[in-house]
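Data block below; observations after.
The numbers here are math on the coordinates, done by the rules we state, and not lab data. Worth saying up front: this structure is predicted, and the values here are computed from it rather than measured. Neighbour counts run over all protein chains shown; Cβ positions are idealised from the backbone, glycine included.
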């Protein structure tokens with residue numbers, strides 16, 4: 001079983017924020033793969049289904065992002081999900097908008113959501129990093145990540161998210177190189 005967790009903050013106020021790109025991708029995956037609601041409570045909303053015949057659970061913490069690891073750890077332990085089968089989807093300040101990267105393990109670059117996950121389950125999980133760009137000054141970061149995407153970004157955002165969903169099966173089938181290369185080709189045409 002695979003566990004895919006998108007990072008974000010709950011509530012309408014945050015829905016379109018840069019920091020909520022993980023939630024937006026999870027919501028598109030739910031729709032694209034016709035996932036069914038599985039377990040929802042005050043800590044989490046989960047959806048279950050298949051991606052290319054692999055059982056997958058999509059996970060959104062309903063705590064604030066900085067506490068995602070607590071809810072994720074409880075769920076992981078209960079369902080005995082191996083850390084090698086966990087993929088976290090999150091925003092990445094250090095990548096220009098629309099750039100997608102994949103990595104396994106490593107540091108969290110000061111991302112509070114990832115830091116909490118690292119404290120709770122370790123850092124050897126896989127990550128899909130969605131570039132949101134950087135405001136250019138570290139003092140502006142806190143407000144920047146809680147702003148909505150601008151109009152130019154919105155023009156390409158939906159197409160990028162749909163391309164991630166169409167190619168997501170490659171991550172489940174352990175082919176991240178093809179996932180990134182297929183997305184790179186499509187991103188190039190999307191961002192023109």
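Here are the numbers for the structure shown:
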| item | result |
| --- | --- |
| Cubic angstrom per residue, convex hull over Cα atoms of the range 2-190 | 110 Å³ |
| Principal axis box of the range 46-123, alpha-carbon based, largest edge first, Å | 33, 28, 22 |
| Cβ-based exposure ranking for 165, 5, in which fewest neighbours within 10 Å come first | 165, 5 |
| DSSP beta bridges in the range 2-190 [antiparallel fraction, %, rounded to 5] | 55 percent |
| Footprinting exposure proxy for 68, 46, 40 (fewest neighbouring C-beta atoms within 10 Å first) | 40, 46, 68 |
| Gyration tensor (alpha-carbon) shape descriptor, the range 96-176, a/c threshold 1.5 | oblate |
| Cubic angstrom per residue, convex hull over Cα atoms of the range 15-58 | 78 Å³ |
